[in-house]
Amino acid sequence: MQAFEYASPTSVKEAIGMLSSQWGEADILAGGTDLLALMKEYIHTPKRVINIKGIKELGGIAKTAAGLRIGATVTLDELTENAAVRTEYPSLHQAAMGVSSPQIRNMGTVGGDLCQRPRCWYFRGGHGILGQENGKSLAVDGENRYHAIFPKSQAYYVNASSLAPALIALGAKAKIAGPNGNREVPVEQLFVVPSNNSGRELSLAANEILTEIVVPSARGVKNATYEVRQKEALDWPLVTASVAIKMKGSSVASARVVLGHVGPTPVVATEAEQMLAGKSLTQDVATEAGKSAVNGAQPMSGNAYKVQLARVAVKRALLEAAKARG
Amino acid sequence: MPNYSWPPMSTRKAIGQRLSRHDGIEKSTGRAKYNSDLNKPGMLQSALLTSPYAHARVRSIDVSAAEKAPGVTAVRVIAPAGTELQWQSQEIAVVAAATEPQARDAVRLIKIDYEVLPHVVREEDISKVGNRAKPAGEQLTGDPDKAFKEADVVNEGHYGIPVLTHCCLESHGQVVQWNGDQVNYWPSTQNVSGIGGDLAKNIELPATAIKVHQDHIGGGFGSKFGSDRWGVEGAKLSKASGGRPVKTFLDRATELNIAGNRPSAYAKIKMGAKKDGTIIAWESTSWATGGMGGGAMPPIPYVITNIPNRRLNHSAVATNGGPLRAWRAPNHPQASFLTCAAVEDLAAKLGMDPIEVFVKNIEYAPEPRRESYIYQFKKAAELSEWSKRWHRRGDSGSGPVKRGLGVGICSWGGAGHASTCNAKINPDGSVDIELGSQDLGTGTRTIIAQVAAETLGLPVNAVKVKLGDNALPPSNGSGGSTTVGGVSSSTRIATVNALDKLFEKVAPSLNTTADKLEAVGGKIQVKGDPAKSLTWAAACRKLGTQSISEQGQNNPRNPLGLNTQGVAGVQIADVSVDVETGVVKMNRMVAVQDCGLVVNPKLAESQVAGACIMSICGALMEERVMDQQTGRVLNPDMEFYKLAGAADIGEIIVHMDLREELDKRGVIGLGEPPTVGGVAAIANAVANAIGVRVPIIPLTPDRVLRALEERRSA
Ligand SMILES: Cc1cc2nc3c(=O)[nH]c(=O)nc-3n(C[C@H](O)[C@H](O)[C@H](O)COP(=O)(O)OP(=O)(O)OC[C@H]3O[C@@H](n4cnc5c(N)ncnc54)[C@H](O)[C@@H]3O)c2cc1C
Ligand code: SF4
């Protein structure tokens, strides 16, 4: 790890002042479960590290008129322990529980989970965010069992956040603070595809901080997350699906279906969403929705199985949601 | 010669007790200090520069900037200009500095120019390895061509098991201090008595100049016997830094890349049998790698070795990966998987129960263990509810989750190694047992105390065991499951010798002769006459100021019936497979194992349970993933080099075969055999559940789904 300057500001404003407008100069430190690993591998070599855990306004979970407000430095453990999250947002609860080690849930934060960098082994091995050598993505002819089945332009890594699909399905917004004030975007819009091998996969500027997430009320919205995971302990899901369904009587009024770990950004399965409208949530309908969700998938040599996993994840998430009250 | 033989099973007091290991509390509370925890005054840290390429030549290397970097005390070049590097992470240079960050920063200042050379890092498809495959020559027995023609059923299959790494939680390394003509050496080793000599050879000092100490080791599994490049260089860095201690422990990636691996094994296997299940022919073409030396042929056909007609071809494939090291039962898990999978496939084709097929062919196994296998199959079947749960291939139940059972077998030697023990009986009644051996976490300290207590008629906690220092009487390294036989025998002999001396001392005061005395229940008494006795303490007081100090040796060529070799074991796995996702879950693992006289059944059971967990990891998760484009290992970490956690293991049922006729054979090693059959059992259980063979291990969702898909499209 390269030597760095360390700061622990107590306000968002102060923290923003310490950031740089250039990526690579300074890094925000929340729980550190991802950042420290990146620094040890010299993937990140910040000159300055800014701890935001001392900033009170970034913590806490509270019910507001706009919905549930979750501070960026709320830990995954706090999130899973929260009563409102457990009862009203089972999909979010399930997604957070899927970060499958108590140690990581104790340290890792909601902001950090959304802003964590991809786990692609070519990126982590020092080949850049697009995992390229001589302008070519190594995943294409290489080992791509965990890579994208919905690649975008030259990006074959998968977005690693388990919370993102659930938050997107629930229609959550992200609040962002920067030198020119605050802005708010749908969580979906946090994620972009970098145009080059040293680019970034978040729409945040280098001197912006994700301050909070607001999840609109999910009363009456059936929601669930289904993860396909190879093992229970300390592992990433292979594919996840988060769904949020508004019902009208016994049929679907509108549906949100979002896939995780299948593309460089969470993938909104629009076709499945449209297909579900007006249907009741039967086994057959859920199976159909699973199939629609993977239309257009472009698997590579070693990850075609993820297409099947995505189908099943959507089906099972829908059937799980159908069981829920609301 | 005194009578050293083990007391009969029925009269034993300390041996056979289900005691918890002596260092359990110390370890689970973190009080136990491993050598990687050491922090000596003035200690320097070191960091290695290793090859980023799988194959390259060092054109030039310039360490001048590193030498001038802050905190640096010494830099050594391991691979000078001209050196051909044959695998990623091969050592190139090493730096000692006041702190670890300083050492790492300095390493990054070393300028090196590589000529990158072509590499081969993958071997599962042998048609793609070119001239890297070296055929070993055909082994022919009987007339396989004729036998295949006579067979009623012939089955052909291909199977593979990849390279694994040892993944020791305490990585390889040491603290070492070379001061004047003495070296203090604190390695992480399976070889306390021998490793000093190995280091001495490499730094041209007499072996007696090296003082080795280690209380605990965080895993070795066969990979920690030598002083290694980093040990030798550590010593030289210490000398070059004015004799300050230098610490080197490999980081995780280097540990997984170069500190040893278990070679792969791939094979195409054809078997022929008669309708009644009698196997008459075997043909295999196999290949394996464990680095540039390739990989040897696993001992196939495993256990049922003497199939009358066999043709075996094997190629060792040289790949640019870190070199292999012994891994808990070298080549046996591979052999067991290849053989048991092929037998299971054959049984499915015959429409027979695979256990029936094994039993039918058991005369192909070495004579002395046949009966054990038959007994163990029965016992394991009973514990796994085989007759109720086993079914023909393919769980016909509805729903996506299919359940299946599968069986695997093991064999091993496990004779005791050369070991010397010193037993001291002190005037204050205390007892010290000293051996230059090591406790790998297997409970060696505890079983030594039990053996000594048994001989001396004392409670186990009255015995103090000292291990882990090469100043103590030498024992061999702990490999090949040889430790328990070696140290229990040497301890038995030493304590019998010491007790005889004590008998001589106290006989006059009991008006008798030494040969009439016995030690039982904390007393020395006239045999069968408790009225004529002295308490242990009173007896020891008769020693005056002189302790008794007696040695005992296990001589592997003549172990006096105290230890022997040759064990059998059977494992049955019970799994559930989700055929929509390919995810395999363990329900249960049953292991039935013999190992002769069992000194401590609880510790034996936990050895076996640990071995089952290793098998579950190996069957379902572990795999070193190589990238042919970059030549690199893609998962040298604990994230994508996957290991099981508690929730992934399911229930483990261990049954130690403690029957008296086995007990009479003496002590036999246990570390390795139970790691052998598990992968085979799990792979067969998956085939039984889903109705199709998943040929390549580990049984990950992608492979399970692919096998199902291929069957669908067939
Ligand atoms: C073995 C393992 C398994 C895991 N499994 C899962 C899983 O299944 N699903 C999953 O989702 N995650 C998983 N994780 C990842 C884990 O959830 C993240 O590491 C954690 O959530 C990151 O949070 P943190 O607070 O520690 O972030 P940090 O490490 O502190 O930061 C991560 C990144 O986000 C940036 N950042 C942090 N907070 C902010 C902010 N408020 N504004 C702007 N930028 C910010 C940092 O600069 C840094 O680049 C796993 C991790 C490990 C090691
Ligand atoms: S093993 Fe446990 S203590 Fe060590 S890093 Fe992992 S979670 Fe932390």
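The values are calculated or read from the model by the stated rules, or taken from the named source; none is laboratory data. Remember, it's a predicted structure, so these values are computed and weren't measured experimentally. All Cβ positions, even for glycine, are placed from backbone atoms using ideal geometry, and neighbour counts span all protein chains on display. Only protein heavy atoms, including side chains, enter the accessible area calculation; ligands, DNA and RNA are left aside. Shrake-Rupley method; radii C 1.70, N 1.55, O 1.52, S 1.80 Å.
Restricting to bridges with both residues inside chain A, how much of the DSSP beta-bridge set is antiparallel, in percent to the nearest 5?
Bridges in chain A are about 85 percent antiparallel.
Taking Cα pairs under 8 Å and at least six residues apart, what relative contact order does segment B:554-614 come out at, in percent? Display every interim value, and only then the final one.
Details: 48 pairs, mean separation 17.2, N = 61.
Once normalised by length, the contact order is 28 percent.
About its Cα centre, how strong a charge dipole does segment A:57-326 have in debye, to the nearest 20, once Lys and Arg get +1 and Asp and Glu get -1 at the Cβ?
On the way: 29 positive and 22 negative charges, 118 e Å.
Magnitude of the dipole: close to 560 debye.
What does the accessible area per residue of chain B come to in Å², with a 1.4 Å probe and no ligands, DNA or RNA counted?
Working: 25990 Å² over 714 residues.
On a per-residue basis, chain B sits at 36 Å².
So if R0 is 25 Å, what FRET efficiency would A:GLU41 and A:TYR6 give, r being the distance between their Cβ atoms, rounded to the nearest 0.05?
That pair, A:GLU41 with A:TYR6, gives E of 0.85.
Could you tell me the center-to-center distance, by alpha carbons, between segment B:29-74 and segment B:115-191 in angstrom?
Value for the Cα centre distance between the two parts: 29 Å.
Quick one: putting +1 on the C-beta of Lys and Arg, -1 on the C-beta of Asp and Glu, what dipole do you get for chain B around its Cα centre, in Debye to the nearest 20?
Once rounded to the nearest 20, the dipole reads 700 debye.
Give the accessible area for B:ARG659 in Å² (nearest 10); use a 1.4 Å probe, count only protein heavy atoms, and leave out ligands, DNA and RNA.
For B:ARG659, solvent-accessible area is about 50 Å².
Give me the base-10 log of I(q)/I(0) for the protein assembly as shown at each q in 0.07, 0.10 Å⁻¹, Debye formula, one uniform scatterer per Cα, rounded to two decimals.
With no solvent term, the Cα-only Debye profile gives -0.72, -1.31.
To the nearest 0.05, what FRET efficiency results for B:ASP113 and B:ASP637 with a Förster distance of 35 Å applied to their C-beta separation?
0.75
Would you mind working out the accessible area per residue for segment A:16-79, using a 1.4 Å probe, and quoting it in Å²?
Counting only protein heavy atoms, the per-residue value for segment A:16-79 is 44 Å².
Which of the peptides B:130-141, A:76-87 is most tightly packed, and how do the rest follow, going by the mean number of other Cβ atoms within 10 Å of each residue?
Ranked by mean Cβ neighbours within 10 Å, highest first: A:76-87, B:130-141.
Within segment A:57-326, what whole-number % of the accessible surface is contributed by carbon and sulfur, with the 1.4 Å probe and all protein chains included in the calculation?
Carbon plus sulfur share of accessible area: 49 percent.
State, to one decimal in nm, how far the label point of A:THR270 lies from the label point of B:ARG712, with both points 7 Å from Cα in the Cβ direction.
Between A:THR270 and B:ARG712, the simple spin-label model gives 2.8 nm.
What does the average come to when, for each residue of peptide B:628-639, you count the partner chain Cβ atoms lying within 10 Å of its Cβ? Can you show the working numbers first?
Numbers: counts 3, 10, 8, 0, 6, 2, 10, 4, 2, 4, 1, 7.
What the average comes to for B:628-639 is 5.
If packing is taken as the mean number of other Cβ atoms within 10 Å per residue, what is the order of B:620-632, A:18-30, highest first?
Highest mean packing first, the order is B:620-632, A:18-30.
With point charges of +1 on the Cβ of Lys and Arg and -1 on the Cβ of Asp and Glu, referenced to the Cα centre of segment B:65-188, which listed residue (B:VAL153, B:GLY142, B:ALA96) lies farthest in the positive direction of the dipole?
Selected residue: B:ALA96.
Based on the mean of other beta carbon atoms within 10 Å per residue, what is the order of B:635-644, B:252-261, most packed first?
Descending packing order for the listed peptides: B:252-261, B:635-644.
How high is the relative contact order of segment B:86-192? Use alpha-carbon pairs under 8 Å, at least six apart in sequence, and give a whole percent. Please report the intermediate quantities before stating the final value.
Values: 36 pairs, mean separation 11.7, N = 107.
The value is 11 percent.
Tell me the Kirkwood radius of segment A:69-164: reciprocal of the mean inverse pair distance over distinct alpha-carbon atoms, in Å.
One over the average 1/r among Cα pairs gives 14.8 Å for segment A:69-164.
Across peptide A:137-150, what mean number of C-beta atoms from other chains lies inside 10 Å of a residue's C-beta?
3
Compute the separation of the alpha-carbon centres of segment A:105-137 and segment A:11-84 and state it in Å as a whole number.
Result: 17 Å between the Cα centres.
If you take each beta carbon of peptide B:698-709 and count the beta carbons of other chains within 10 angstrom, what is the mean?
4
May I ask for the equivalent-ellipsoid semi-axes of segment A:57-326, computed as the square root of five times each C-alpha gyration tensor eigenvalue and listed largest first in whole Å? If you can, show how the numbers build up before the last one.
Working: eigenvalues 147, 119, 53 Å².
Equivalent ellipsoid of segment A:57-326: 27, 24, 16 Å, largest first.
Give me the distance between the Cα centres of segment B:242-281 and segment B:540-556, rounded to whole Å.
44 Å
Relative contact order for segment A:57-326: what percent, with Cα pairs under 8 Å and sequence separation of 6 or more?
20 percent
Can you pull the Rg over Rh of segment B:1-92, Cα-only, Kirkwood?
Rg/Rh for segment B:1-92 comes to 1.34.
Projected onto the charge dipole of segment A:57-326 (+1 at Lys/Arg Cβ, -1 at Asp/Glu Cβ, origin at the Cα centre), which of A:TYR305, A:HIS127, A:ILE209 gives the Cα projection farthest towards the positive end?
A:TYR305
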